[in-house]
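In what follows, a structure is listed as structure tokens, so that the remarks can point back to it.
The values are calculated or read from the model by the stated rules, or taken from the named source; none is laboratory data. Quick caveat, the model's predicted, so the values are computed rather than measured. Note: ideal-geometry Cβ built from the backbone for every residue, glycine included; neighbour counts use all protein chains shown. To get the accessible areas, we keep the full protein, side chains included, count just its heavy atoms, and leave off ligands, DNA and RNA. Shrake-Rupley method; radii C 1.70, N 1.55, O 1.52, S 1.80 Å.
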Amino acid sequence: MNAKPLVLAGILVLGTAALAPWAVGHYVEREIRAGIDRFNRGQNAASVVVDSYHRSWLRSELVTRVTLKDDDADLVRVTTRMKHAPYAGLDFVAGESQVHLPEASAATEQYYFGGQAPVSVAFSVSPGGAVYGAMQSPAVDKPIVKAPKSRIELAASRGSFAMNSDGVYRFEWSMSKIAFTAPQMAIALDGIALSAFGGLAADDFAVPSGFDASVQLYKASTAGHASALSKVSLSSSLTPKGDTIRIALGLRAGPGSLVAAGGTQAWDSFEFRCSLSDIPKAAAAKYSADMNSIFDTGATQAQRTLLAMGALSEFTAALASAEPTFAVDKLELQAPGGNVAATLRLRLDKSRWLSQTAGWGLTNALMLDGKVSVSRALALELAGAGMRDQALAALKAEDREPSPENVKSASRRVAEASLAQLASLGLVKDGETLDFELVARNGAFTVNGVSANRIALR
């Protein structure tokens, strides 16, 4: 049996195994530098600077800094160590990055984090180009360096991220507690969670993207004031549809309260959802590119401001020409005293917008349709709270003491008088709920068919 083919095959395998880590390391360095260059050119807020890059046969190490483009101030410093295939297990590359404060703040980092990295990220890149990672940060519980009577508490946090070869990503992060205390103030947030999804393709609006944030409990107190909110969530999304995009925003909250000198306000739940539809994708992409390019011109801050205003003006004109629709899809407040609910649709009449002068064009071009329902009891409560000055004036005219009970009684009387005026105009009717229909056309605004000018005169 001739052994030469086996020997040659063995040499080839060993040679390939020996060269593979070097080839992978060379390829990864080229891709990292190209990716940093794309990042620096793709947005206008920050830039990444490579301080050092050491590539050996089996592994690579690099140090980068993230700086603000506007004033060149360092934000963070990142050290990265990674192994090359085939010595990275089943991955193409695997390693760890540590995020540190700028070198000028090394003493501050040591004080708060005790030698641990503020953020550590373990990551891997598959042969197909997908990226996976897990991040964590240590707990902090220390007096503030420059304000020793104040204290900051941060629970340990954890997060994860994943991105496929097409640049579609998802990110999640959570922390059980953030608290700040000072002699006259205390703020605490429990159960914080963040998540985001989207794409890093050349077309910023090619895939849906969004962001969600939630807090299970928020508490704050200062001298004479206290507030609490539970189950708070904020969400936003961008959805492409053909040549247009839709942006949506939502805010929800569970039971909450506000304690102040005027008394206690409490509610059971709050929800608000709004959207802006039919935004021209081409106009949005151009505006994004124009804003990014402003920081690459070497212009002064004043010149950048003028360029930004010009880009915004051009985008606004394109937006108006597309006749987008702004909608309050849901506004609802549930409180012990009653409920509030509202919906709204707002559009621009392109022909009126373009034919009017700048001063009156927007007013005349607005097309509004809305509905608002308010529990009578809650309307009286809210109106009374907003008419405290009128109530105090009434008590003074009656030569009565402004005690809490008298102020509350006078506020209600003032609010009832206001509702009576609205009733005389036909705006409200007897019943448990006050319903309002809002309409705007050709510069004229009506409430339940009554002109706003007539309401203002009364």
Per-residue ellipticity at 222 nm attributable to helices in the chain (runs of n ≥ 4 DSSP H, -39500 (n - 2.57) apiece, nearest 500 deg cm²/dmol) works out to -10000 deg cm²/dmol
Would you list, by chain and number, the lysines whose Cα falls below 18 Å from the Cα of residue 241, excluding same-chain residues fewer than 8 positions away? 281, 286
With r as the distance between the Cβ atoms of residue 420 and residue 174 and R0 = 60 Å, compute the FRET efficiency 1/(1 + (r/R0)^6) and round to 0.05. 0.70
Could you tell me what a quarter of the Cα convex hull surface of the range 54-115 works out to, in nm² with one decimal place? 5.7 nm²
From a point 7 Å beyond the Cα of residue 164 in the direction of its Cβ, which residues of the range 117-132 have a backbone N at a distance under 16 Å? 126-132
Charge-dipole axis of the chain as Lys and Arg at +1 and Asp and Glu at -1 on Cβ define it, positive-most pick from 186, 249, 438: 249
Which percent of the accessible heavy-atom area of the chain goes to carbon and sulfur, probe 1.4 angstrom? 61 percent
Considering amide H positions built from the backbone, and no H for Pro or chain starts, which residues 5 or more places from residue 200, or on another chain, come under 5 Å of its amide H? 168, 169
Among the lysines, select those whose C-alpha is under 17 Å from the C-alpha of residue 231, and discard any that sit fewer than 8 residues away in the same chain. 177, 219
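Need the full-extension length gain, residue 219 to residue 187, defined as separation in residues times 0.36 nm minus the C-alpha distance. One decimal, nm.
Length gained between residue 219 and residue 187: 10.9 nm.
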With a 1.4 Å probe and all protein chains left in place, how much accessible area per residue does the range 105-190 have, in Å²? 57 Å²
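So with the 1.4 Å probe, I'd like the accessible area per residue for the range 194-331, rounded to whole Å².
Numbers: 7350 Å² over 138 residues.
Accessible area per residue, the range 194-331: 53 Å².
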Can you give the direction-averaged projected area of the convex hull of the alpha-carbon atoms in the range 227-300, in nm²? 8.8 nm²
Take the alpha carbon atoms of the range 29-80, find their center, do the same for the range 284-338, and report the distance between the two centers in whole angstrom. 29 Å
Work out the FRET efficiency for residue 71 and residue 22 from their Cβ-Cβ distance, taking R0 = 41 Å, and round it to the nearest 0.05. 0.55
Ratio of alpha-carbon Rg to the 2.2 N^0.38 Å globular estimate for the chain, to two decimals, please. 1.34
Once the dipole of the chain is set up from charges on Cβ (+1 Lys and Arg, -1 Asp and Glu), the residue from the list 147, 85, 370 lying farthest towards its positive end is 85
Cα-based Rg and Dmax for the range 30-164, where Dmax is the largest Cα-Cα distance (Å): 16.8, 54
Can you list the aspartates and glutamates whose alpha carbon sits under 14 Å from that of residue 149, skipping same-chain ones fewer than 8 residues off? 141
In vacuo Debye scattering of the range 154-238, one point per C-alpha: log10 I(q)/I(0) at q = 0.17, 0.22 Å⁻¹? -0.77, -1.01
